[in-house]
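Data block below; observations after.
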Amino acid sequence: MNEITFTGNVSKIYETRVTSSGDTIFAFDLAVDNGYFDKGRNRWMSRTRFQPGVTYRDLATNALATLTKGMAITVTGKLLD
(Lines give C-alpha, C1' and ligand atoms only; values in the text may rest on other atoms or scores of the structure.)
Protein backbone atom coordinates (compact mmCIF):
# COMPACT_ATOMS: atom_id res chain seq x y z
CA MET A 1 0.00 0.00 0.00
CA ASN A 2 1.26 3.47 -0.89
CA GLU A 3 0.27 5.42 2.25
CA ILE A 4 2.12 8.05 4.26
CA THR A 5 1.33 10.27 7.26
CA PHE A 6 2.66 13.80 7.80
CA THR A 7 2.22 16.02 10.86
CA GLY A 8 2.90 19.73 10.55
CA ASN A 9 1.40 23.17 10.12
CA VAL A 10 -0.60 24.53 7.20
CA SER A 11 1.79 27.02 5.58
CA LYS A 12 -0.10 28.07 2.46
CA ILE A 13 -3.65 27.72 1.19
CA TYR A 14 -4.09 27.89 -2.57
CA GLU A 15 -7.15 29.15 -4.41
CA THR A 16 -9.97 26.61 -4.28
CA ARG A 17 -11.18 25.36 -7.66
CA VAL A 18 -14.37 23.77 -8.87
CA THR A 19 -14.27 21.31 -11.77
CA SER A 20 -16.70 21.44 -14.69
CA SER A 21 -18.62 18.57 -13.05
CA GLY A 22 -19.00 20.63 -9.85
CA ASP A 23 -16.41 18.85 -7.68
CA THR A 24 -14.36 21.00 -5.28
CA ILE A 25 -10.54 20.85 -5.26
CA PHE A 26 -8.69 22.28 -2.23
CA ALA A 27 -4.87 22.53 -2.26
CA PHE A 28 -2.48 23.53 0.51
CA ASP A 29 1.14 23.25 1.66
CA LEU A 30 2.07 21.54 4.91
CA ALA A 31 5.29 22.61 6.70
CA VAL A 32 6.82 19.48 8.22
CA ASP A 33 9.79 19.86 10.58
CA ASN A 34 12.38 17.20 9.82
CA GLY A 35 14.69 18.15 12.70
CA TYR A 36 17.23 16.06 14.55
CA PHE A 37 19.85 16.46 17.29
CA ASP A 38 23.45 16.49 15.98
CA LYS A 39 25.63 15.08 18.77
CA GLY A 40 28.83 16.17 17.00
CA ARG A 41 27.76 19.83 16.97
CA ASN A 42 25.78 19.43 20.21
CA ARG A 43 22.80 21.30 18.82
CA TRP A 44 19.37 20.83 17.26
CA MET A 45 19.37 20.85 13.44
CA SER A 46 16.10 21.91 11.84
CA ARG A 47 15.04 21.20 8.28
CA THR A 48 11.55 22.11 7.14
CA ARG A 49 9.93 20.34 4.21
CA PHE A 50 6.95 21.94 2.49
CA GLN A 51 4.72 19.07 1.39
CA PRO A 52 1.87 19.89 -1.01
CA GLY A 53 -1.54 18.41 -0.30
CA VAL A 54 -4.67 18.21 -2.46
CA THR A 55 -8.18 17.17 -1.40
CA TYR A 56 -11.23 16.51 -3.54
CA ARG A 57 -15.05 16.58 -3.27
CA ASP A 58 -16.53 16.40 0.27
CA LEU A 59 -13.13 16.33 1.98
CA ALA A 60 -12.14 19.48 0.05
CA THR A 61 -15.32 21.25 1.17
CA ASN A 62 -14.66 20.25 4.79
CA ALA A 63 -10.98 21.27 4.62
CA LEU A 64 -11.91 24.64 3.09
CA ALA A 65 -14.29 25.35 5.98
CA THR A 66 -11.91 24.07 8.68
CA LEU A 67 -8.24 24.70 7.84
CA THR A 68 -6.46 28.00 8.45
CA LYS A 69 -2.86 29.05 7.90
CA GLY A 70 -0.66 27.99 10.84
CA MET A 71 -3.04 25.27 12.04
CA ALA A 72 -1.37 22.05 13.22
CA ILE A 73 -2.74 19.00 11.39
CA THR A 74 -1.98 15.37 10.61
CA VAL A 75 -2.54 14.22 7.04
CA THR A 76 -2.68 10.63 5.81
CA GLY A 77 -2.75 9.95 2.10
CA LYS A 78 -0.95 8.66 -0.97
CA LEU A 79 2.23 9.97 -2.59
CA LEU A 80 1.80 10.71 -6.28
CA ASP A 81 4.47 11.20 -8.91
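The values are calculated or read from the model by the stated rules, or taken from the named source; none is laboratory data. The model shown is predicted, which means the values in this text are computed figures rather than measured ones. Neighbour counts run over all protein chains shown; Cβ positions are idealised from the backbone, glycine included. With ligands, DNA and RNA removed, areas are computed over all heavy atoms of the protein, side chains included. Shrake-Rupley method; radii C 1.70, N 1.55, O 1.52, S 1.80 Å.
Note on Rg/Rh (Cα atoms, Kirkwood Rh): of the candidates (1) 1.00; (2) 1.05; (3) 1.09, the value calculated from this structure sits at (3). Using a probe of 1.4 angstrom and keeping all protein chains present, the accessible surface of the chain works out to 77 square angstrom per residue. 3J(HN,Hα) along the range 47-57, derived from phi through the Karplus expression 6.51 cos²θ - 1.76 cosθ + 1.60 where θ = phi - 60°, amounts to 10, 9, 10, 9, 9, x, x, 9, 10, 10, 6 Hz, with x in place of Gly and Pro. Our estimate of slack between ALA65 and THR19, defined as 0.36 nm per intervening residue step minus the Cα-Cα distance, is 14.7 nm. The magnitude of the dipole of the chain, with charges of +1 and -1 set on the Cβ of Lys/Arg and Asp/Glu and taken from the Cα centre, is near 420 debye. Per residue of the chain, the DSSP helices (runs of n ≥ 4 H) give a summed -39500 (n - 2.57) that works out to -3500 deg cm²/dmol at 222 nm.
In this structure, the amide hydrogen of TYR14, modeled 1.01 Å from its nitrogen in the peptide plane, lies closer than 5 angstrom to those of ALA27, PHE28, ASP29, counting only residues at least 5 positions away or on a different chain.
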